[in-house]
Amino acid sequence: MSTPSFAAVDLGATSGRVILGRVGPDSLELSEVHRFPNTPVRLPDGLRWDVLALYQGVLDGLRAAAGAAGSAGAAGPVDGLASIGVDTWAVDYGLLDADGALLGPPYHYRDGRTDGAAEQVWAKAGPEELHAITGLQHLPFNTVYQLEAARGSAQLAAARTLLLIPDLLVHWLTGTVGAEETNASTTGLLDARTGTWSGALLDRLGIDPALLPPLRRPGEPAGTLLPHVAEYTGLNAATPVTTVASHDTASAVAAVPATEPGFAYISCGTWSLAGLELDAPVLTEESRAANFTNERGIDGTVRYLRNIMGMWLLEECRRTWAAQGAPAALPDLLAEAERAEPFAALVDPDAPEFLPPGDMPARIRSFCRRTGQRAPESRGAVVRCILESLALAHRRTLRQAAALAGREIRTVHLVGGGSRNELLCRLTADATGLPVIAGPAEATALGNILLQARTHGLVPDHAAMRHLVAATQPLRRYEPGGDRAAWDAAEARIGVA
C-alpha cells in the first residue's frame, strides 16, 4: 500500500490553498497542489468575503489533490486520498435559512459595522462577566459583537443556523452541520470551563440557542463527500472529511515542534498570536485587564494568548506602495530595513487605526507624529519601525503571559509565514532575550494534516506529532543578542506612546 495522502484545505486572509500531505512513520511531506486568491468584496452594505469563489477554489484544489494522490476511480479513499480537513480564520460566519441556503456572503471581520456593538453587548453582560464565562480577549470583531451589530436585520431574522467559515465549507462538502470547538471558542459564546455553548450567556444576550450547531472535537468524523462534490473532484464519494482544529492558529499550535517543556509560541502571519499552551484557562481579572484570551486547542488544551496585529501592517504597506506604482519585493524591503536606523520610530501594532485596510505607511507616520516621534520617511525606515514594534509586542505579550499563568519560558517557537522573515526572527530573539526557533512556515497545514493522520492511526499522540515535525521540517535557531539596554529603553518609549 502506498503512503497515505491527506488534503488540507487552508484558507487565509489573502489566499487559500489546498495542500497534499503524505505521512509515514518517519516522513512528512507537503506539496501545494492549488492556490487561489481570497479577495474581499466591498458591497453597498459593507465588506464581505467572496465565499462562493473560495468554495470553487476549494473544489478545484480537491480535484488537483485527487489527481496528485492518484485517488480517482477505483483506488478509493484508503489507497489514495485518505481524508480531507478544513481550516480557516476565526470569528466570521455564514447564516443559513430554514432550507439550508446561505443568506448572503459573510461579512469580513474588518468591516466597520461592529463599531459601538461592544457597548451594546456590555449593557446586557459586562466585560468582566463576559471574560469570566468565555475567557476571551476583547476584540471588536468577535462573533458576539458581530451578532449584536446584525440585530434587527432581515438576514438574522430569517436565519436558522450559524456556521463559522470552516464549518460552512464542511457543510457544503458533506451536507452535515456542526461547530468545531477550537473555532467556536473564538466566538465569545463558548463557556471556557465546560467547553460548551453558554446557555446563560445566550439568554442574557437574546441569542437563540438553536442558531448554534452541535459542537465537534478535532479528530471526529465530519462526514463523507456529497455525490456532486465527488463527481466534480474525481474523489471517491466515501472519502471522509475529518474534523481538524479548524481555527488556523489552533492547527498551527498543534504543529509547534516543541520537544521539551517551557516553550512559548508565536504563530506569525497576518496576525501574530503569541502565548502559551496550558491545561486550564486563566480567568483572573488581571488576565482580562491584560486582554489575554483562552481559546481551545486540541486534546483539551488551552491556547492562552493575545492577538497582535502582525504582518498585516507590512503587507498593507506593500499593497499601498504597489497601488502607488512602486511595488517592492519583500527581500529588497528587508535589506533596506537592515540598513535603517534602529529604534528611530516605534508604534503600537494594535492601535485601532491600523485595523482597517488603507494607506498604512501614512497611518504609521501619523501615529509617530502624534506621539512626538520623527516619522519614518523611507520604505526601509517604515519596515524597520514595523518589525521592531512587532518584536517589542512579542516581548511584552510573552512576558505578561508567563507572569499571569505562572510559567517560565525557556524557548520561543515562531511558526507560520513570519518564520521566513529572518530580520523579524532575529529582532524577536533580541527583544525577548530568549532563543527563537523559527519554522515550520507551513505549521497550519502540518497541524491540519497531522490531526487527520492521527485520526487514521498513523501517529499515536500529540507528542509524536510534534516530534515528527521537529525531525522532518527545516528549522532555524536564533540566539538572543543585541543591546539589552536599547531594547529596555524602546520598551519604555512604546509604553509612553
Residues (part of a strand (DSSP E or B) and either exposed (fewer than 14 other Cβ atoms within 10 Å of the Cβ) or without any contact (Cβ under 8 Å) to a residue 24 or more places away in the chain (or both)) located in segment 1-23: SER15, ARG22
Pairs where the first residue, in segment 156-179, is surrounded by fewer than 18 Cβ atoms within 10 Å (Cβ to Cβ) and the second is acidic (Asp, Glu), C-beta under 8 Å, 6+ apart: ALA158/ASP97; ARG160/ASP97
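Listed residues LEU450, LEU423, LEU475, LEU468; which is in contact with a Gly (Cβ under 7 Å, 6 or more places away or on another chain) and either touching a residue at least 12 places away in the same chain (Cβ under 8 Å) or β-branched (Val, Ile, Thr) (or both)? I'd like the intermediate steps shown before the answer.
Numbers: LEU450 fails: in contact with a Gly (Cβ under 7 Å, 6 or more places away or on another chain); LEU423 fails: in contact with a Gly (Cβ under 7 Å, 6 or more places away or on another chain); LEU468 fails: in contact with a Gly (Cβ under 7 Å, 6 or more places away or on another chain).
Unique residue meeting the criteria: LEU475.
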Of the candidates ASP87, ASP99, ASP60, the one satisfying the condition of being assigned to a helix (DSSP H, G or I), among the acidic types (Asp, Glu) and under 27 Å from THR239 (Cα atoms) is ASP60
In segment 205-226, anything free of Cβ contacts under 8 Å to residues at least 60 places away in the same chain, assigned to a loop (DSSP other than H, G, I, E, B) and within 13 Å of LEU162 (Cβ to Cβ) is listed as ASP208, LEU212, PRO213, PRO214
Could you go through segment 277-298 and let me know if any residue there is of a type in the set (Asp, Glu), surrounded by fewer than 22 Cβ atoms within 10 Å (Cβ to Cβ) and in a helix (DSSP H, G or I). yes
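Residues checked against (1) among the polar types (S, T, N, Q); (2) more than 21 Å from the chain's Cα centre (by Cα); (3) under 18 Å from GLY297 (Cα atoms):
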residue: GLY219; (1), (2), (3): no, no, yes
residue: THR233; (1), (2), (3): yes, yes, no
residue: ASN236; (1), (2), (3): yes, yes, no
residue: VAL241; (1), (2), (3): no, no, no
residue: SER246; (1), (2), (3): yes, no, yes
residue: SER251; (1), (2), (3): yes, no, yes
residue: ALA254; (1), (2), (3): no, no, yes
Failed condition for ASP348, given (1) in a loop (DSSP other than H, G, I, E, B); (2) over 28 Å from the mean Cα position of the chain (by Cα), with all others met? (2)
Among what's in segment 442-497 and is loosely packed, with under 13 Cβ neighbours inside 10 Å and not in a helix (DSSP H, G or I), pick the residue that is modelled with the lowest pLDDT. ASP483
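What residue, among those in segment 175-202 that are part of a helix (DSSP H, G or I) and in contact with a helix residue (DSSP H, G or I) (Cβ under 8 Å, 6 or more places away or on another chain), is nearest to TYR109 (Cα to Cα)? Write out each step before concluding.
First pass over segment 175-202, keeping only residues part of a helix (DSSP H, G or I): 181-184, 199-202.
Those left that are additionally in contact with a helix residue (DSSP H, G or I) (Cβ under 8 Å, 6 or more places away or on another chain): 182-183, 199-202.
Numbers: THR182: 18, ASN183: 14, GLY199: 25, ALA200: 25, LEU201: 22, LEU202: 21 Å.
If we take residues in segment 175-202 being part of a helix (DSSP H, G or I) and in contact with a helix residue (DSSP H, G or I) (Cβ under 8 Å, 6 or more places away or on another chain), then ASN183 is nearest to TYR109 (Cα to Cα).
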What are the residue pairs meeting all of these: first residue in segment 30-57, first residue under 30 Å from PRO4 (Cα atoms), second residue among the charged types (D, E, K, R) and outside any strand (DSSP E or B), Cβ atoms under 6 Å, and 6 or more apart or on different chains? LEU30/GLU442; HIS34/ASP60
Selection status of VAL229, touching a residue at least 24 places away in the same chain (Cβ under 8 Å), farther than 29 Å from THR411 by Cα and part of a strand (DSSP E or B): no
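State yes or no: is ARG151 outside any loop (DSSP other than H, G, I, E, B) and of a type outside the set (Gly, Ala, Ser)?
Here the answer is no, as ARG151 does not meet what is asked.
Do we have GLY416 as closer than 25 Å to LEU333 by Cα and either surrounded by fewer than 24 Cβ atoms within 10 Å (Cβ to Cβ) or in contact (Cβ under 8 Å) with a residue 24 or more places away in the chain (or both) here? If you could, list the steps in order and put the result at the bottom.
Numbers: closer than 25 Å to LEU333 by Cα: yes; either surrounded by fewer than 24 Cβ atoms within 10 Å (Cβ to Cβ) or in contact (Cβ under 8 Å) with a residue 24 or more places away in the chain (or both): yes.
Criteria met by GLY416.
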Which listed residue is in contact (Cβ under 8 Å) with a residue 24 or more places away in the chain, under 23 Å from the mean Cα position of the chain (by Cα) and not in a helix (DSSP H, G or I), from ILE437, ILE386: ILE437
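The values are calculated or read from the model by the stated rules, or taken from the named source; none is laboratory data. Being a predicted model, the structure only gives us computed values, none of them experimental. As a convention, Cβ positions derive from the backbone with ideal geometry for all residues, glycine included, and neighbour counts pool all protein chains shown.
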